[in-house]
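**Q** So that we are looking at the same thing, I have put the structure below in structure tokens.
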Amino acid sequence: MQTPRELHFGTEIILRAEQLAGHSDDPDGLTVAYLTRAHQTAGAEIAGWMIGAGMQVRIDAVGNVIGRYAGRQPDAPVLMAGSHFDTVRHGGRFDGRLGILAPIVVAQHLHERGERLPFHLDVVAIAEEEGLRFRTSFLGSSALTGQFDFGWLDQPDAEGVTLRAAMCAAGLPGTEEAIAACALDSRRLLGYLEVHIEQGPVLLERGLPLGVVTSIAGSVRQRVVVTGVASHAGTTPMPMRRDALVAAAQMVLAVQRRCADPRDAAKSLVGTVGMIGVPEGAANVVPGRCEFSLDVRAADDATRDAAVADLEAEFAAIAARCGVQVRCEQTMRVPCATCSPPLMRRLAECIEAAGLPVFALASGAGHDAMMMTRITDVAMLFVRCGHGGISHNPLETMSADDADLAARVLLDFLRRTAAQVGG
Ligand code: GLV
Ligand code: MN
Ligand code: MN
């Protein structure tokens with residue numbers, strides 16, 4: 001069945017992404033941290049769109065917004081499609097949001113045609129994936145998959161507000177019981193589909209609008225704390241200093257060196273120090289403490305774990321040379337995830353039917369889909385990024401025509417899944 005000509009899903013997706021970007025914690029760039037006012041109003045806007053698309057909406061105990069485009073039978077199985085709506089600081093308007101908006105406009109199309117499916121289509125706007133406010137990446141999908149770590153509830157944000165207090169302030173119950181109840185019943189699930197901007201240059205360089213994701217790189221994150229001795233900047237002779245920042249600077253360079261090892265390039269090893277700080281630092285004090293974040297990823301867990309082990313050993317050697325102490329705390333560990341071959345084949349058929357070449361690629365970025373592989377079959381459709389493939393940057397962009405193709409492939413995917421499920 002063809003989509004009516006006049007309907008351009010892509011234009012609708014771009015317009016809604018712009019409107020959604022109007023909710024921001026920061027007027028100078030798109031920043032939506034978990035459970036801030038902008039986060040809550042963005043969630044409410046998405047819920048309104050879901051209702052407009054004929055869905056019943058519920059908000060779970062961690063703030064995930066779930067819209068159900070009900071299937072023909074109340075006891076039908078569930079196909080879930082979605083992604084996250086939080087952002088990094090000064091992020092792009094499509095990262096995560098495309099994977100929510102595409103299924104909403106497709107559901108709206110089905111609703112307007114009165115077309116029902118033999119399964120419930122649950123569109124999930126996941127409340128938190130980026131880990132911007134708390135050290136809790138994948139918070140939303142952790143709750144959906146029953147993997148939420150209750151220890152997170154006592155974790156403070158930069159202002160000292162705990163996660164539990166932030167939940168209660170946002171009107172969520174903030175109880176372990178309510179969060180445990182967010183877990184989906186995997187027996188009802190047919191699978192999870194995430195449409196996401198590629199966030200890299202591969203499709204752009206090949207002149208392809210869409211790609212089928214094969215696997216998602218796993219990541220390890222650490223908080224590294226270096227402790228030296230704070231002392232007077234004017235009176236402490238250089239050889240007597242135990243400067244935590246000088247030691248940390250050498251550790252950052254060690255990350256760069258180790259992760260740029262050409263022997264690991266084929267395994268897409270990457271390492272990043274994205275945050276570094278001297279708590280209570282001052283211009284006239286030798287830094288006594290320095291903290292930094294470490295994020296290491298690779299196409300396979302063994303390559304990544306070997307690099308992390310080498311870095312820990314190197315950090316210890318640097319600390320000994322500099323007369324400081326170092327402590328590495330793991331804040332996140334997500335194994336590499338593999339997409340489902342049957343769902344990848346179905347996506348490939350849809351891409352082919354749209355008259356496009358089928359191209360498969362691995363994802364270097366993390367996605368909620370990684371968590372969802374723990375409970376169900378997962379597929380991911382990547383969409384070409386403009387501006388050289390840049391993402392986690394306000395320059396992130398995509399074209400309305402590419403968004404349109406992605407939505408049409410998604411619609412075809414739903415119909416092909418319907419044909420398989422029958423009923
Ligand atoms: C999410 O954007 C990640 O890959 O860190
Ligand atoms: Mn992101
Ligand atoms: Mn994302």
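**Q** Name the residue, out of Ala299, Ala319, Ala306, that is under 26 Å from Ser137 (Cα atoms), at pLDDT 95 or above and not basic (Lys, Arg). Full working, then the answer.
**A** On the way: Ala299 fails: at pLDDT 95 or above; Ala319 fails: under 26 Å from Ser137 (Cα atoms).
Step by step, each of Ala299, Ala319, Ala306 is checked, and only Ala306 is under 26 Å from Ser137 (Cα atoms), at pLDDT 95 or above and not basic (Lys, Arg).
**Q** Any residue in the stretch 306-329 that is within 30 Å of Leu405 (Cβ to Cβ) and without any contact (Cβ under 8 Å) to a residue 24 or more places away in the chain? Full working, then the answer.
**A** Taking the stretch 306-329 and keeping what is within 30 Å of Leu405 (Cβ to Cβ), we get none.
No, the stretch 306-329 contains no residue that is within 30 Å of Leu405 (Cβ to Cβ) and without any contact (Cβ under 8 Å) to a residue 24 or more places away in the chain.
**Q** So which pairs qualify, if the first residue must be in the stretch 88-99 and on the phi > 0 side of the Ramachandran plot and of a type outside the set (D, E, K, R), the second must be near ligand 2 (Cβ under 10 Å from one of its atoms) and not in a loop (DSSP other than H, G, I, E, B), the Cβ gap must be under 8 Å, and the two must be at least 6 apart or on different chains?
**A** Sorted first by the residue in the stretch 88-99, then by its partner, the pairs are Gly96/Ser83; Gly96/His84; Gly96/His196.
**Q** Count, please, the residues in the stretch 86-127 that happen to be within 16 Å of ligand 2 (Cβ to nearest atom), among the basic types (Lys, Arg) and out of contact with any helix residue (DSSP H, G or I) (no Cβ under 7 Å at 6 or more places or on another chain).
**A** 1
**Q** While we're here: Could you identify the single residue in Gly281, Gly274 that is within 16 Å of ligand 2 (Cβ to nearest atom), surrounded by fewer than 17 Cβ atoms within 10 Å (Cβ to Cβ) and assigned to a loop (DSSP other than H, G, I, E, B)?
**A** Being within 16 Å of ligand 2 (Cβ to nearest atom), surrounded by fewer than 17 Cβ atoms within 10 Å (Cβ to Cβ) and assigned to a loop (DSSP other than H, G, I, E, B) holds for just one of Gly281, Gly274, which is Gly274.
**Q** Quick one: which of Asp60, Asp75 is on the phi < 0 side of the Ramachandran plot, touching a residue at least 40 places away in the same chain (Cβ under 8 Å) and surrounded by fewer than 24 Cβ atoms within 10 Å (Cβ to Cβ)?
**A** Values: Asp75 fails: touching a residue at least 40 places away in the same chain (Cβ under 8 Å).
Step by step, each of Asp60, Asp75 is checked, and only Asp60 is on the phi < 0 side of the Ramachandran plot, touching a residue at least 40 places away in the same chain (Cβ under 8 Å) and surrounded by fewer than 24 Cβ atoms within 10 Å (Cβ to Cβ).
**Q** Using the structure shown, decide if Ala403 is more than 16 Å from ligand 1 (Cβ to nearest atom) and not assigned by TED's automatic domain parsing to the domain that holds Val88. Full working, then the answer.
**A** Details: more than 16 Å from ligand 1 (Cβ to nearest atom): yes; not assigned by TED's automatic domain parsing to the domain that holds Val88: no.
Here the answer is no, as Ala403 does not meet what is asked.
**Q** State whether the residues of the stretch 402-422 include one that is modelled with pLDDT of 95 or more, touching a Ser or Thr at 6+ places or on another chain (Cβ under 7 Å) and farther than 20 Å from Tyr69 by Cα.
**A** Checked against the condition, which is being modelled with pLDDT of 95 or more, touching a Ser or Thr at 6+ places or on another chain (Cβ under 7 Å) and farther than 20 Å from Tyr69 by Cα, the stretch 402-422 yields no hits at all.
Residues checked against (1) more than 23 Å from Leu132 (Cβ to Cβ); (2) modelled with pLDDT under 95; (3) of a type in the set (Ser, Thr, Tyr); (4) touching a His at 6+ places or on another chain (Cβ under 8 Å):
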{"residue": "Thr36", "(1), (2), (3), (4)": "no, no, yes, no"}
{"residue": "Met80", "(1), (2), (3), (4)": "yes, no, no, no"}
{"residue": "Arg93", "(1), (2), (3), (4)": "no, no, no, no"}
{"residue": "Gly99", "(1), (2), (3), (4)": "no, no, no, yes"}
{"residue": "Ile104", "(1), (2), (3), (4)": "yes, no, no, no"}
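**Q** Residues of the stretch 356-379 being out of contact with any Phe, Trp or Tyr (no Cβ under 9 Å at 6 or more places or on another chain), aliphatic (A, V, I, L, M) and more than 16 Å from ligand 2 (Cβ to nearest atom), which ones?
**A** Of everything in the stretch 356-379, those that are out of contact with any Phe, Trp or Tyr (no Cβ under 9 Å at 6 or more places or on another chain), aliphatic (A, V, I, L, M) and more than 16 Å from ligand 2 (Cβ to nearest atom) turn out to be Leu356, Val358, Ala360, Ala362.
**Q** Can you name the residue in the stretch 110-132 that is within 13 Å of ligand 3 (Cβ to nearest atom) and not in a loop (DSSP other than H, G, I, E, B) and, of all such residues, is farthest from the chain's Cα centre (by Cα)?
**A** Ala125
**Q** Moving on. So Arg374 clears everything in (1) more than 16 Å from ligand 3 (Cβ to nearest atom); (2) of a type outside the set (Gly, Ala, Ser); (3) more than 17 Å from the chain's Cα centre (by Cα) except one condition, right? Which one?
**A** The failed condition is (3).
**Q** Criterion first (in contact with a Ser or Thr (Cβ under 8 Å, 6 or more places away or on another chain) and within 16 Å of ligand 1 (Cβ to nearest atom)) does Ala379 satisfy it?
**A** For Ala379, the condition - in contact with a Ser or Thr (Cβ under 8 Å, 6 or more places away or on another chain) and within 16 Å of ligand 1 (Cβ to nearest atom) - is not met.
**Q** Moving on. For residues in the stretch 133-152 being free of Cβ contacts under 8 Å to residues at least 24 places away in the same chain and in a helix (DSSP H, G or I), which is surrounded by the most Cβ atoms within 10 Å (Cβ to Cβ)?
**A** Start the filter on the stretch 133-152 by keeping residues that are free of Cβ contacts under 8 Å to residues at least 24 places away in the same chain, which leaves 149, 151-152.
Those still in the list that are in a helix (DSSP H, G or I) too: 151-152.
Working: Gly151: 8, Trp152: 16.
Checked the stretch 133-152; the qualifying residue surrounded by the most Cβ atoms within 10 Å (Cβ to Cβ) is Trp152.
The values are calculated or read from the model by the stated rules, or taken from the named source; none is laboratory data. Just so it is clear, the model here is predicted, and its values are computed rather than measured. Cβ: placed from backbone, ideal geometry, glycine included. Neighbour counts: every protein chain shown.
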